[in-house]
Amino acid sequence: MQRTDDGQKIRLSDYRPPAFLVRHVEMRIALHDGHAAVETTIHARRAEGADPAEPLVLDGDHLSLVALALDGTAIDPRRFDAAPDRLTIRDLPGSDAFALRIETRLEPETNTELMGLYRSNGIWCTQCEAEGFRRITYFPDRPDVLATYRVRLEADHEAAPVLLSNGNPSESGDLDGGRHFAVWDDPHPKPSYLFALVAGRLDVLRDGFRTASGRAVDLAVYTEPGLADRATYAMDALKRSMAWDERRFGREYDLDVFNVVAISDFNMGAMENKGLNVFNHKYVLLAPDTATDADYAGVETVIAHEYFHNWTGNRITCRDWFQLCLKEGLTVYRDQEFSADERARTVKRIASVHGLKAQQFPEDQGPLQHPVRPTQYREINNFYTATVYEKGAELVRMLATILGEAGFRAGMDLYFARHDGDAATIEDFLRCFADATGADLAQFALWYDQAGTPELEVQESFGDGRLTVSLRQSLAKGAAGTGTEPMHIPVRFGLVGADGADIAAEPVAGAAEIEGDVIHLVTAEAEVVFDGLAERPRLSMLRDFSAPVTLRHEQSREDKLALARLDPNGFGRWRALSDLLGEALRAAAVAADEAPLDPRLVEALVECAAEERLEPALRAQMIAIPGESEIARLVGANVDPEAVHRAREAAIRSVARAGAERFRAVRDGLSRSGEPFSPDASSAGRRALGNALLMFLSAAAAEPAEAFAAFRDADNMTDRMAAATILAHRFPGSSEAEEALDRFHDAFEADPLVLDKWFTLRATVPDPATLDVVRELSRHPKFTLANPNRARALIGGFATGNQRVFHRADGEGYRWTADRLGELDRLNPQTAARLATAFRSWRSYEAGRREQARAALSTLAARPDLSRDLRDILDRTLS
Ligand code: 0A1
Ligand code: ZN
């Protein structure tokens, strides 16, 4: 049963330290078919300075109390109130420690929200972040209450030969009636959101790691039976992550075991429970025949992310949920750096920036806007957002840019030393960098509190060997209503000469502060002057996307075209091309014309595709045509998705026709037939380029034969999926597309992760008839709203991956989606709320669609029994 909404907001300004502290928790959890019996003993005491008359108030969520005892004696019922969402106990000792024993009884099988203790494919597992522990027992379920845990699990040996919890294994043994037990000790004090248990019939892949100081760690990845051989890449990524964190940040692992479990039904990507990371199986299980290169990269990233949380999140956690970015932004930054080191830095950076613009920018510019550190929420689960994660990571990256590598590392070292074992705040974090380097970060701190994407306007003029660059920053007030003060924007730049080399020019003294290749813009406006230049350089601004801003650089198309060819910074070349493409597509979509692209831009793209000295992965990124939702974002207002679709198709045709011959030669040159599949970054890059070219070649030929042959001959999922997408999306209804989709379905029907791909592939066909297809798919025997991956594959695939049909003028796309969200909300509010964010940009569409979207959203919002999660998103989206 979902929580309904009382409309109440939780505010950062109301934060009070806990009145009671918990030192140690003992749990005995007996798992049975149909129910679980939980006995929890909380060793606690009143916090120093807390009011001795204050009752102990423990959080609960749909709990029923079985028994309650204080220091071994049942408590007089007049001394406590047990409600499903709260246990209040009065007259507790003034300062002595006490042991409170709480018994609860749960029904994991009926837990469809997948929060707390639930059963997935027969496996018992938990998800406690953010507030799931209170669905297991009454507890001060807040991240600033840290305790050590000793957990005893009991279950039927047959049903659950594997019994896992946090920390190190201690005792285990047999019990009567075919049951057995295992005890786990977690010596590291942790908040309740990091508690976990897993029990069931699981296969395991084992390995080991020796830390720099010599600790031997047993590593294990658990999967459903028969799938452990698909965990080898995840295990490899884990070992690489452990070694990287030692090298890069001096962080070692701190337990004797590290366990990872892959679960089929999971709301998010994964969870960093201490010593027992639980994953959506999508981020563990891989095989060349079932997983794409993007899946491999995703597994590597998520494995690293969860592992890195051991220090940034677990050893140092958050004081309260407003500080979520303290662990998430920092950990995303760390996983991005890991991928950059393990793969290719520029390619990784482009992918991150692309993701930031696709996910975070629309959030920051729409009704769901909030600062990286929010100051209020109704439902915390709705704040695991691109802003907290991805923009949060950008803030850490800016800090590294501003302080330099050594200063940043000194600040991180101090943070680990000073706050190990703490529940910290953003202020604590920033103070470490200030103290370690002497920097004043007061202005920088505004980035955490001011929502919205700043605009950075740049103008340049050149004469007599002197280049004057004017910079202006501005921040519009958005839905969050936060401040608009000028912030510290680090602007990495280069002056590119006609020979394609950076010109080393000294800035004229007295202008805005420049350190190396970074301009520190700290005022609303500033001017930078370079003198003594022998030629007019091309200004390459905001290299590596050194700040999360919208750059408005008044730069001629000639200069941009020159940078696309010449910029020695690979990111700069990509950005020049993507700006040129974005601008051309935006203009075409606004004018609703299908004019071909500027031939010079087309030529630049074709040349990039063929530029041998560039790594193929980068070439694939450079020739990517912006997607329809990206073009819609650039149009910004009164978007007509049909015009967007036509503009994009016309652009693809212009590039395809002009490049066909050279594309063919490049594609032929890439093929390495006979070589066994390898998921490494450069092999993946060759496949990415080859498949991007196949798309253009199919568009040029205007017929599906080549893509069909590629589909038929594919010996890995990346190539198969790419070819199937070309067939389904570009040749919908053709016999080749139908045959490919059927073959795909029949070959992989039994593999849930691949079947998800098939649902998404069909839901994203940009053809009006897709609405009937998704209707039919929602009645497919393998479709279920109970599995979040499946729900996301169909509903999410459609609503976020099919601009043209989701935004159908007749509103049918909106209504179908809203109806599904209403159904899903009754099972899994968190996933429903997340999917509902597909509507976040509804106001930027043309009037007719706007009205249809408003009507669909209002009808959904009018349902009386919506969850707090979905109601929060709908109210903010409509406001
Ligand atoms: N902390 C996890 C992700 C996560 C967040 C929220 C959840 O439930 C509301 C579950 C998992 C991470 O960053 O990986
Ligand atoms: Zn995280």
Checklist outcome for this item: Rounded to the angstrom and largest first, Cα extents along the principal axes for segment 21-201 equal 49, 31, 31
Next on the checklist: Per residue, how big is the convex hull of segment 350-462 when only Cα atoms are used? Give it in Å³.
Outcome noted: 154
Checklist outcome for this item: Whole-Å distance linking the alpha carbon centroid of segment 271-349 with that of segment 777-824 is 28
Checklist outcome for this item: What the 10 Å binned alpha carbon P(r) of segment 716-815 shows, as percent of pairs per bin from 0, is 16, 51, 30, 3
Item to check | Under the Karplus curve 6.51 cos²θ - 1.76 cosθ + 1.60, θ = phi - 60°, whole-Hz ³J(HN,Hα) for segment 161-167, x wherever Gly or Pro sits | outcome: x, 9, 10, 10, 8, 6, x
Checklist entry - Name the residues of segment 487-518 whose amide N is less than 17 Å from a point 7 angstrom out from the Cα of Gln443 along the C-beta direction? => result 487-492, 510-516, 518
Item to check | Set of lysines with alpha-carbon distance to Lys560 below 25 Å, sequence-local pairs under 8 removed | outcome: Lys348, Lys357
Checklist entry - Excluding Arg472 itself, what net charge comes from residues whose Cβ is under 12 Å from its Cβ, given Lys and Arg +1 and Asp and Glu -1? => result -4
Item to check | Proportion of all alpha-carbon pairs of segment 555-702 beyond 27 Å (%) | outcome: 22
Checklist entry - Per-residue ellipticity at 222 nm for the chain, helices alone: DSSP H runs ≥ 4 residues times -39500 (n - 2.57), over residue total, nearest 500 deg cm²/dmol? => result -12000 deg cm²/dmol
Item to check | Principal axis box of segment 294-396, alpha-carbon based, largest edge first, Å | outcome: 39, 33, 22
Item to check | Amide H partners (placed H, <5 Å) of Val508, local residues excluded | outcome: Val529, Phe530, Asp531
Checklist entry - Once phi is turned into ³J(HN,Hα) by the Karplus curve 6.51 cos²θ - 1.76 cosθ + 1.60 with θ = phi - 60°, what whole-Hz value does each residue of segment 89-105 show in order, with x for glycine and proline? => result 10, 9, 6, 8, x, x, 9, 5, 6, 9, 10, 10, 10, 10, 10, 10, 10
Item to check | Of every Cα-Cα pair in segment 149-197, the percent that sits beyond 16 Å | outcome: 39
Next on the checklist: Whole percent per 5 Å bin, from 0 to the bin with the longest distance: what is P(r) over all C-alpha pairs of segment 204-295?
Outcome noted: 3, 13, 24, 24, 19, 11, 5, 1
Checklist outcome for this item: By the Kirkwood definition, with r running over pairs of different Cα atoms, segment 749-879 has a hydrodynamic radius in Å of 14.6
Next on the checklist: Could you work out how much longer the chain between Asp767 and Glu749 gets when fully extended? Use 0.36 nm per residue separation minus the Cα distance between them, nm to one decimal.
Outcome noted: 4.1 nm
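Calculate, in nm to one decimal, what Glu252 and Glu738 gain on full extension: separation in residues at 0.36 nm each, minus their alpha carbon distance.
Taking Glu252 through Glu738 to full extension adds about 169.8 nm, to one decimal.
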Item to check | 5 angstrom amide H check on Arg23, placed H, neighbours 5+ away | outcome: His43, Ala44, Arg45
Checklist outcome for this item: In degrees, nearest 10, the alpha-carbon axis of helix 752-763 is tilted away from the dominant principal axis of the alpha carbons of the chain by 50
Item to check | Within straight-line cross-link reach of Lys782, lysines at Cα separation under 24 Å, skipping those fewer than 8 residues along the same chain | outcome: Lys282, Lys757
Checklist entry - Expressed in nm to one decimal, what extension gain is obtained for the pair Ser470 and Glu649 from 0.36 nm per residue of sequence separation less their Cα-Cα distance? => result 60.7 nm
Checklist outcome for this item: At R0 = 45 Å the Cβ-Cβ FRET efficiency linking Asp185 and Glu583, nearest 0.05, sits at 0.15
Checklist entry - In the neighborhood of Asp265, defined by Cβ-to-Cβ distances under 13 Å, what is the net charge if each Lys or Arg adds +1 and each Asp or Glu adds -1? => result 0
Item to check | Dimensions in Å of segment 439-509 - Rg and Dmax from alpha carbons | outcome: 16.3, 47
Checklist entry - When N counts the residues of the chain, how does its alpha-carbon radius of gyration compare numerically with 2.2 N^0.38 Å, as a ratio? => result 0.96
Item to check | Dipole of the chain, positive end: most advanced residue of Leu70, Ala436, Val183 [Cβ charges, Cα centre] | outcome: Leu70
Next on the checklist: If Rh is defined by the Kirkwood formula over all Cα pairs and Rg also comes from Cα, what ratio Rg/Rh do you get for segment 400-464?
Outcome noted: 1.16
Checklist outcome for this item: Note, segment 740-751: 3J(HN,Hα) by Karplus (6.51, -1.76, 1.60, θ = phi - 60°), whole Hz, Gly/Pro = x, goes 4, 5, 5, 4, 4, 4, 5, 6, 10, 3, 7, 10
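Every number here is computed from the coordinates shown, using simple stated rules; none is lab data. Owing to the predicted nature of the structure, the values given are computational and were not obtained by experimental measurement. Quick reminder, even Gly has a Cβ in these numbers, built from the backbone with ideal geometry, and neighbours come from all protein chains shown.
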